[in-house]
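As structure tokens, the structure follows; a few thoughts come after it.
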Amino acid sequence: MKKISAILVAVACFGSAAYAGTIAQPGDFYLISRDRYGFFVGSHKLFLDPHRGLKKVSYCDRDYFVRSHSVAWTEVESRRGHVVRIEYNFGRGWRPICEGPENQVTLADIGISMSADAVLETEEESSSRKSRLSTIGSMFQADGLEDSGSSFHTR
């Protein structure tokens, strides 16, 4: 019971902070893919400030910082027949502000010679790091379990 309580407290304290960076906020810019009917298919965030692993690019005469996977993703989504745009979250919805980003920045422009499909198959540096919740969860694992992949019901 104490373990469950500790896990719930950890999730309550750290869970919302861990996901806050992935929830679109007013003022955010995203590469957004929509199908031929205009329905949302997927998105990748554009950053306004430099961070480790991001490349500086320019879409529609405005500078952003992107992950190489995002550039590859725009190429793949476009090839699938989806419309990719840069859209701005103005707080009550999304406003398209730049058309055809896949034609403005390519993988070659950011120094990558691999195909878009090959880039998407590689693991990103940021995804190989252990998340904060994974680290917290591992603290509650019982020591000495031979088969940590099995569930409680199969032990």
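Read-outs throughout are calculated quantities, based only on the coordinates presented, and are distinct from any laboratory measurement. Please read these numbers as outputs of a predicted model, since none were measured by experiment. Heads up, the Cβs are rebuilt from the backbone with ideal geometry, glycines too, and the neighbour counts pull from every protein chain shown.
Once the Cα-Cα distance is subtracted from the 0.36 nm per residue extended length, the F40 to A24 segment shows a gain of 4.4 nm.
Karplus-derived 3J(HN,Hα) values for segment 43-53, using 6.51 cos²θ - 1.76 cosθ + 1.60 with θ = phi - 60°, are 7, 9, 6, 9, 10, 9, 10, x, 9, 4, x Hz; glycine and proline are entered as x.
If R0 equals 22 Å, the separation of the Cβ atoms of C60 and A108 corresponds to a calculated FRET efficiency of about 0.70. Toward the positive end of the charge dipole of segment 23-117, with +1 on the Cβ of Lys and Arg and -1 on the Cβ of Asp and Glu, the farthest Cα among T74, S58, F47 is that of F47.
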